[in-house]
Structure formats: structure tokens, C-alpha cells
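Q: Pasting a structure here, questions to come.
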Amino acid sequence: MINFLEVILVLILLTVLLSLGSTRLVALVRIMALQGVLVSLTPLLLKGHGLASLGAVAFYVAMLAIKGVLIPAMLIRAVKSVSIQREIEPFVGYHASILMGLIFLLSAVFMTNSLHLSLPEGRALILICAVTTMATGLFLMLARKKAITQVIGYLMLENGIYLIGNALSQHHSLYIVEFGVLLDLLVAVMVMGIILTNINHAFDDVDTTLLGQLKD
Amino acid sequence: MASFLSLLLALAAAPLYPGIILKVKAFFAGKKGPPLLIKYYTLWKLLQKGSVYSTSTTFVFKLGPVVSFAAAVLPLLFFPFAGNASLFSFHGDVVLMLYVMGMGRFFTVVAALDTASPFEGMGCAREVFFSTLAELTLFAILILFYRLSGSLSMSSFFSEGNTLTLAGASGALIVLVIVALFMVLLTENSRVPVDDPATHLELTMIHEVMILDHSGPDLALIELGAFYKLFFYAAFIIQLLCPFSLPLSLLNIIFFFILLALVYTAVGVIESIMARFKMNLVPKFILTSFVLGFFAVILTMGVLQ
């Protein structure tokens, strides 16, 4: 029988890798939408999580809608409104970024193996996946210049945190906190949209390094 | 018996499938497209013609097509179609298969260089560079398969007991392998987004430019070899999709050949909806496939064993 949980986790790793190598912003946002959907599907496949109550159902649907539809739609709108298509000259090149992804995964595996957490059956892969996603999110925030890509990095970081929550928690109790983080994220994306338009107005570009030139 | 039958069927049917790619592309363009058997007609037409050899070429030029055709057929003898035992198999035959295909490429390249045409030299450089990178991916996948199945022969990868398929115990890793292999398929067989088989400008060609000077039966051999190579990779991917454990081996074989059309359709769809990459983005594409393969290997160190 196909183990759907593992397949979804591996697909999340695939999106992480693709996001490191993608030059076009629209493609990047689409990859993030896919990752959001995959990440919000994960708890459904965990043993002992399931669709226990009406509240849980509402939570999963909201999660899927925000991560998979709402945030990507807003990001796409931001990309369209400032009419930038690709990230040129990032701080770290694309080939190097892809290799960094490899290193992140390698260290995530070693970390998970040597942490010796008493995880429930089949949760170790979630932890590996979560650490890799978080590290990659952090890396994207550091290695790219455009504000949109940095927000996408933040988004990926949040996905990783959510996965860690999934791996460690046994019940739905943690989800309240998660939901708070998600709202934070939503606000962050909105603020990013506003900032992006303003940078674009001031400099005719959305490169955040240009902000260093600001004076009184 | 079943092994012979499936091999013969494979050798006979390989030129049929590229017709499917053309049909899919025609469908996307809103055209009727060439008939499904177009590649057979092309081969027949080419075989009836004579060959033209430039006076500046040597015997190497004539050797190229023959060797590359033989190198494309040979790996199929080791391939276990639809889970049937392959005709030949021994420990490590996968490595042999890959390097026999490498030898075929070498002779194509040497024959192309023999014409002393600058275009062909350029095509050779690209072809060799990209397939060197693709070899990384293939060997990452081999390392993974060796870890999972403890053997290095094609038929033991897919025999009973060793279930290197999506439905098997390590099915999640096979997802990565299938994506990586598909990227290698596109690279090695010079399809979009790496190379455009329909291009007419020598400067943008990779594979096509190396065979510009071949004509008649030589060209037919090269084309047929290319079909077999594509068939090999497509069959490899299909073999990873499902275990083919229907009770009757004949049913398995039919099922296998029907599923093969899936891979070719996917190639056709990609060819219709994507533009080819700029030349400098191709290494990134292949590198991504390598990292995918290596991701799978790393994951076996952690939990999925």
C-alpha cells in the first residue's frame, strides 16, 4: 500500500528544492501554494489527529484556504502590481542554493538521528522535513534581495514550524497557537504588499538593499 | 519465452511511441498532426535512400551510426520488461548499460567531429557536457537502488520480492526517483526544455546538429537508436510506477505497453506548454535532478530504509 504521509512529505521536500532553484517569482509563488496545500494536508494523515470534531474540520479548511489560496493570491497580486518577473543577481547563486538544500537535508537527517527524541511511530521523517523546510526558509530570507522572495522565505519558515508542531504534538491543542502564527503571517504578507509598492514608487525597483540609501 | 516476446515487441513498437508525442503536440496546437505510424514511414523512406559521404570524412564517420545504434539496442537486452526476467543479467549490469550508452554517445560525437563542421563541434560540446551532468543523477539513483535492494542488476531491481515501485515500502523515495529520472529522460533524449527536437537553427541545436551530415540508412540507424534510447528511459520510469503482478505474463506485457504511452504523453504535454531553457539554465535543471536523487539517498540514512 502506498504510504501517503511519506509521499506528501517527500513532495514537500521536492517543493523546497524547486523553490531554491526557481528564478521566476510567479513560479516561486505557485510552488509555495503547492507547499502550503501539502503542509496543511499533513495532519490529516497522522495517526491520532484525524477529523475528530467540527472545530478541527473548520481549522483544517481554514488552514488550507489561507496557505494554499489566500496568501499565494496576494503574493501573485503583489508580483503583478510591481511588474517584476524574476530575481536577478541574488546574494547566493542558484547552483549554490540548490547544493545548500542538499546540505540542509543532510544536516537535518543527522540532527534527527542524534536528537533521540521519543517520537511516535513514523514521525521522524516529519521532523527531518520540518528542519529542512525551516533552514531553507531562513536561507531564502538571507540569500535573496527582493522583498517578495524574503516574505516567501518567511512563509516557508512558518511551514516548517507548523510541521514541527505536527511531529511533536499528540492533540489539537497546539493548533490554537499555530493559528495565531498564521494570522501574523497574513498581516506580514499584507504589510509586504504595501512596502513593496512604496519601494517601487521610490526607487523604480523592489530591491531591499536600496533601502540602505535612505537618508533624512 | 515471455522475455523474448516482450523484447521483440519493444524493438518493434519503439518507433510508434514518438508518434504519440507528435499527436499530443498537434492536439495542443489545434492541428490534426501526422499519422501515428509516421516514424515507421520515415525510417522506411530513409532506408531506401543511398548515403552521401563527404570526401573529408574517414571511416570513423561511417562507424558512428552503427556503433551508436548497437549501443542503443544492447541495454534493452538487459531490461526486464513488465517484470519478466531479462535475457541477460549479472551483478552490475546497470553500470554496463549506462556505459554502453555512453560509448554510443562517444561514437556519435566522434563521427560528428570527423566532419570538421564547426556547428557539429559546438553540438558535441553541449551534448557531452549535459550528459556528464546527467550521469551524476543516474549514479545517485543507482546508489539509492543498491541501498534499497542490495543488488546492482536491472532484473533484480524489478524481480519478485524487491519492490522498487511506488506501492512498495519505500514508495515515497521512488516519487523523487521518478521525477529525477524524467528530468534525465528529457536531457538525454534532447527534448524540450533542454533541447528542441523541432528546431531548424543549427546554433540552438544540441543533438540534431551532430547528425546533420548523416543521410539515408545511416540517419535511419541514428533515428532508430534515438527511439530505443527514449524507450529505455520511458520503460525504466514505468517499471518504477507499478509492480506488474497480474497473473498472466501476457496481460502484464500488454498493460506495460499501454502504460508506456503515459510517459510519452507527459513528454508531449511538457513540450507543448514549456519553452526551452536558455543554454545557461540547463545545467541548473540537471543539477536539480541530481539533488533530487541524492535527497532520496540521504533519506535512506535517516528513516526510510
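Please treat every number below as a calculation from the coordinates, not as lab data. What you see is a predicted model; the values in this text were computed from it and never measured. Neighbour counts are summed over all protein chains in view; Cβ atoms, including those assigned to glycine, are modelled from backbone coordinates with ideal geometry.
Q: Based on the mean of other beta carbon atoms within 10 Å per residue, what is the order of B:262-269, A:131-138, A:57-64, most packed first?
A: By packing density, highest mean first, the sequence is A:131-138, B:262-269, A:57-64.
Q: Could I ask something else about it? As an exercise, use a Förster radius of 25 Å and the Cβ-Cβ distance of A:VAL191 and A:VAL26 to find the FRET efficiency, rounded to the nearest 0.05.
A: Computed FRET efficiency for A:VAL191 and A:VAL26: 0.75.
Q: Taking only C-alpha pairs under 8 Å that are 6+ residues apart, what is the relative contact order of chain B in percent?
A: Answer for chain B is 29 percent.
Q: Further question on the same structure: Modelled label-to-label distance, B:LEU36 and B:SER215, 7 Å Cα→beta-carbon offset: nm?
A: 3.4
Q: Mind checking the range A:1-105 for trypsin sites (Lys or Arg not before Pro) that DSSP puts in a loop (not H, G, I, E or B) and that have at most 11 other Cβ atoms within 10 Å?
A: A:LYS47
Q: Let me ask something else about it. Under the 0.36 nm per residue contour assumption, what length would be gained going from the current alpha-carbon distance of A:LEU168 and A:SER114 to full extension?
A: Length difference between fully extended and current span is 17.8 nm.
Q: Checking the cross-link filter: which aspartates and glutamates have an alpha carbon closer than 14 Å to that of A:LYS145, excluding same-chain neighbours under 8 positions apart?
A: Filter leaves A:GLU87, A:GLU89, A:ASP205, A:ASP207.
Q: Also: Students often get this wrong: which residues of the range A:78-121 have the backbone nitrogen under 11 Å from the point 7 angstrom along Cα-to-C-beta of A:PHE203?
A: Answer for the range A:78-121: none.
Q: Any idea what the relative contact order of chain A is, in percent, if you count C-alpha pairs under 8 Å spaced at least 6 apart?
A: Computed value for chain A: 23 percent relative contact order.
Q: Per 0.36 nm of contour for each residue apart, how much would the distance between B:PHE106 and B:LEU203 grow if the chain were fully extended, relative to their Cα-Cα spacing?
A: 32.8 nm
Q: Okay, next question. Which of B:LYS25/B:LYS62; B:LYS49/B:LYS284; B:LYS25/B:LYS278; A:LYS80/B:LYS23 have a Cα-Cα distance over 32 Å?
A: B:LYS25/B:LYS62; B:LYS49/B:LYS284; A:LYS80/B:LYS23
Q: Other chains near B:169-181: what is the mean number of their Cβ atoms within 10 Å of each residue's Cβ?
A: Mean shielding by partner chains, rounded to a whole number: 4.
Q: Given an 8 Å cut-off on Cα distances and at least 6 residues of separation, report the relative contact order of the range A:1-82 as a percent.
A: 34
Q: Right, another one. Take each complete run of DSSP H in chain B, measure how far its Cα atoms stretch along the helix's own axis, and keep only those covering 30 Å or more with mean Kyte-Doolittle hydropathy at least -0.5; list them.
A: Qualifying helices, which must be both long enough and hydrophobic enough, are B:93-114, B:118-149, B:216-241, B:249-273, B:282-302.
Q: Label points 7 Å out from Cα along the Cβ direction at A:VAL61 and B:THR55: separation in nm?
A: Placing both labels 7 Å along Cα→Cβ, they lie 8.2 nm apart.
Q: Then there's this: Show me the helices of chain A, taken as full DSSP H stretches, that run 24 Å or more along their long axis by Cα and average -0.5 or above in Kyte-Doolittle hydropathy.
A: Sorted by number, the helices that extend far enough and score high enough are A:4-21, A:25-45, A:94-115, A:124-143, A:147-168, A:175-203.
Q: Which value at 222 nm does chain B reach when only helices count, each DSSP H run of 4 or more adding -39,500 (n - 2.57), with the total divided by all residues and rounded to the nearest 500 deg cm²/dmol?
A: Value at 222 nm, helices only: -22500 deg cm²/dmol.
Q: Can I ask one more? If you take each beta carbon of peptide A:101-109 and count the beta carbons of other chains within 10 angstrom, what is the mean? Mind showing how you got there, number by number?
A: On the way: counts 4, 7, 0, 0, 6, 6, 1, 3, 6.
Mean partner-chain Cβ count within 10 Å for A:101-109: 4.
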